[in-house]
1. Residue under question is residue B:76, and the condition is that it be at pLDDT 95 or above and within 13 Å of the chain's Cα centre (by Cα); does it hold?
2. Determine which member of the set B:51, B:63 is in a helix (DSSP H, G or I) and among the hydrophobic types (A, V, I, L, M, F, W, C).
3. Do we have any residue at all in region B:35-53 that's open to solvent by 70 Å² or more (accessible area, probe 1.4 Å), within 12 Å of chain A (Cβ to nearest Cβ), more than 23 Å from residue A:74 (Cα to Cα) and among the acidic types (Asp, Glu)?
4. Taking into account only those residues within region A:10-53 that are hydroxyl-bearing (Ser, Thr, Tyr) and at pLDDT 95 or above, which is nearest to residue B:80 (Cα to Cα)?
5. So which residues in region A:62-79 are in contact with a Phe, Trp or Tyr (Cβ under 8 Å, 6 or more places away or on another chain) and surrounded by 19 or more Cβ atoms within 10 Å (Cβ to Cβ), if there are any at all?
6. Within region B:69-89, track down each residue that is more than 7 Å from chain A (Cβ to nearest Cβ) and either under 22 Å from residue A:74 (Cα atoms) or of a type in the set (Gly, Ala, Ser) (or both).
There are 2 protein chains.
Amino acid sequence: MVYLVSYDIEEDRKRKRVADRLLADGLIRVQYSVFIGPLKSHLHEKLLTWLSQLLDKPEKDRLIIMNMRAEDIEKMHILGEVEWEPEMLSGKQHTLFL
Amino acid sequence: MVYLVSYDIEEDRKRKRVADRLLADGLIRVQYSVFIGPLKSHLHEKLLTWLSQLLDKPEKDRLIIMNMRAEDIEKMHILGEVEWEPEMLSGKQHTLFL
């Protein structure tokens, strides 16, 4: 299953911990605070538990996680220069050619 | 069709113009730089044209627009306090009860 994770987290250190974890789990940073990528279901569960414990200030830590469809991701409109391609986000293409 | 729009835009004034336009088009701000909501297809086309003209610095203005499925939005996980409900994002519920 492919997921989109997006957050507004006030504290720099906490925000960096979340970003590092999402990247380590294999998601790709598509914007400063938005990540997309495939997650196996056990990883998704572990991530949710870890996030729920870390993000303990509900008025300062806001995060959403959503299922995405690979076909919707691959048809996305992109404005500006990015270092990824939609196919990478759905796990279909692993190598980036620059 | 329901869309997610997310951006990283360096210039404050330009960023505010985009946020104001997305809100005026009826999208809901779900994070500081992420908006979700239904858009009729002619509004979607007009928005894309407007954005393409405004965001003219590809290394400083990055924006993505994606189709979303109402059922995926309604099942999203939310951590933290937010002033909207998933049903509002897919256009199914227009009134916010606080």
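1. On the way: at pLDDT 95 or above: yes; within 13 Å of the chain's Cα centre (by Cα): no.
No: the conditions fail for residue B:76.
2. Values: B:63 fails: in a helix (DSSP H, G or I).
Exactly one of B:51, B:63 is in a helix (DSSP H, G or I) and among the hydrophobic types (A, V, I, L, M, F, W, C), namely B:51.
3. Among the residues of region B:35-53, not one is open to solvent by 70 Å² or more (accessible area, probe 1.4 Å), within 12 Å of chain A (Cβ to nearest Cβ), more than 23 Å from residue A:74 (Cα to Cα) and among the acidic types (Asp, Glu), which makes the answer no.
4. To start, the set of residues in region A:10-53 that are hydroxyl-bearing (Ser, Thr, Tyr) comprises A:32-33, A:41, A:49, A:52.
Those still in the list that are at pLDDT 95 or above too: A:32-33, A:49, A:52.
On the way: A:32: 19, A:33: 15, A:49: 14, A:52: 9 Å.
Once the filter is applied, the top-ranked residue is A:52.
5. Quick first cut of region A:62-79, residues in contact with a Phe, Trp or Tyr (Cβ under 8 Å, 6 or more places away or on another chain) only: A:62-68.
Matches in region A:62-79: A:62, A:63, A:64, A:65, A:66, A:68.
6. To start, the set of residues in region B:69-89 that are more than 7 Å from chain A (Cβ to nearest Cβ) comprises B:70-71, B:74, B:83-89.
Across region B:69-89, the qualifying residues are B:70, B:71, B:74, B:89.
Each row is one residue, and each column tells you yes or no for (1) of a type in the set (A, V, I, L, M); (2) without any contact (Cβ under 8 Å) to a residue 24 or more places away in the chain; (3) more than 23 Å from residue B:18 (Cα to Cα).
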residue	(1), (2), (3)
A:10	no, no, no
A:24	yes, yes, yes
A:32	no, yes, no
A:41	no, no, yes
A:46	no, yes, yes
A:68	yes, no, yes
A:85	no, yes, yes
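The values are calculated or read from the model by the stated rules, or taken from the named source; none is laboratory data. Computed from a predicted structure; not experimentally measured. Every residue, glycine among them, receives a Cβ derived from its backbone with ideal geometry; neighbour counts consider all protein chains shown. When the accessible area is computed, the model is the full protein with side chains, heavy atoms only, and any ligands, DNA or RNA have been set aside. Shrake-Rupley method; radii C 1.70, N 1.55, O 1.52, S 1.80 Å.
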